[in-house]
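The values are calculated or read from the model by the stated rules, or taken from the named source; none is laboratory data. Keep in mind that this is a model prediction, so the values were computed, not measured. Please note: Cβ atoms are built from the backbone with ideal geometry, for glycine as well, and neighbour counts cover all protein chains shown.
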Amino acid sequence: MVWATDPEVTQHLRWETYSSRAAAEEFFETVVKKHPWFQAIVVDSEVIGSMTLEKKSGDFRCVAELGYVSAKKYWGRGLMTEAVALALKRGFQELDVVRIEAKTHPNNVGSQSVLEKNGFVREALLKKAIVRKGNIEDLYLYAITR
């Protein structure tokens, strides 16, 4: 999980940069093993990132939220754009949803580009929408519908 130890990669994410093996192991135990749709992103037998789709419940059960991260050395190669395309195809089919959303930090231009290349539309600027690493921050809301 080299991406999780890189402050440049984690700067726009909700979780802190990992500084120990124990933190990574805790992540696997508390998140990965329990998540219903967690996918590793693998290139040449190396795990370079991860992706999640989380189906919402109740009246919002027609919606899933997408999250993803990759190691910095793989940025700008189109790999995440391709991975998101595959996740959309699988997500719409496997989760039986008609809408997939993603939220990005306004400064995370790379992530916005990945979403836009996959047909996501920026629907809103969510003002003061998240407490991330002790700061109240805005988020962009992107979505794509089937």
Inside segment 43-61, can you point out the residues that are in contact with a strand residue (DSSP E or B) (Cβ under 7 Å, 6 or more places away or on another chain) and either surrounded by 15 or more Cβ atoms within 10 Å (Cβ to Cβ) or assigned to a strand (DSSP E or B) (or both)?
VAL47, ILE48, GLY49, SER50, MET51, THR52, LEU53, GLU54, LYS55, LYS56
Mind checking which residues of segment 33-56 are within 18 Å of GLY78 (Cβ to Cβ) and in contact with a His (Cβ under 9 Å, 6 or more places away or on another chain)?
none
Of the criteria (1) touching a Gly at 6+ places or on another chain (Cβ under 7 Å); (2) not in a strand (DSSP E or B), which one LYS73 fails
(1)
If you take the residues in segment 80-117 that are closer than 18 Å to GLN39 by Cα and of a type in the set (S, T, N, Q), which one is farthest from the chain's Cα centre (by Cα)?
GLN93
ALA64 being modelled with pLDDT of 70 or more, in a strand (DSSP E or B), touching a Gly at 6+ places or on another chain (Cβ under 9 Å) and surrounded by 14 or more Cβ atoms within 10 Å (Cβ to Cβ):
yes
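Residues are listed down the side, and each one gets a yes or a no for (1) among the aromatic types (Phe, Trp, Tyr); (2) touching a Phe, Trp or Tyr at 6+ places or on another chain (Cβ under 8 Å); (3) at pLDDT 95 or above:
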position	(1), (2), (3)
VAL43	no, yes, no
VAL47	no, no, no
LYS55	no, yes, yes
GLY76	no, no, no
LYS127	no, no, yes
ASN135	no, no, no
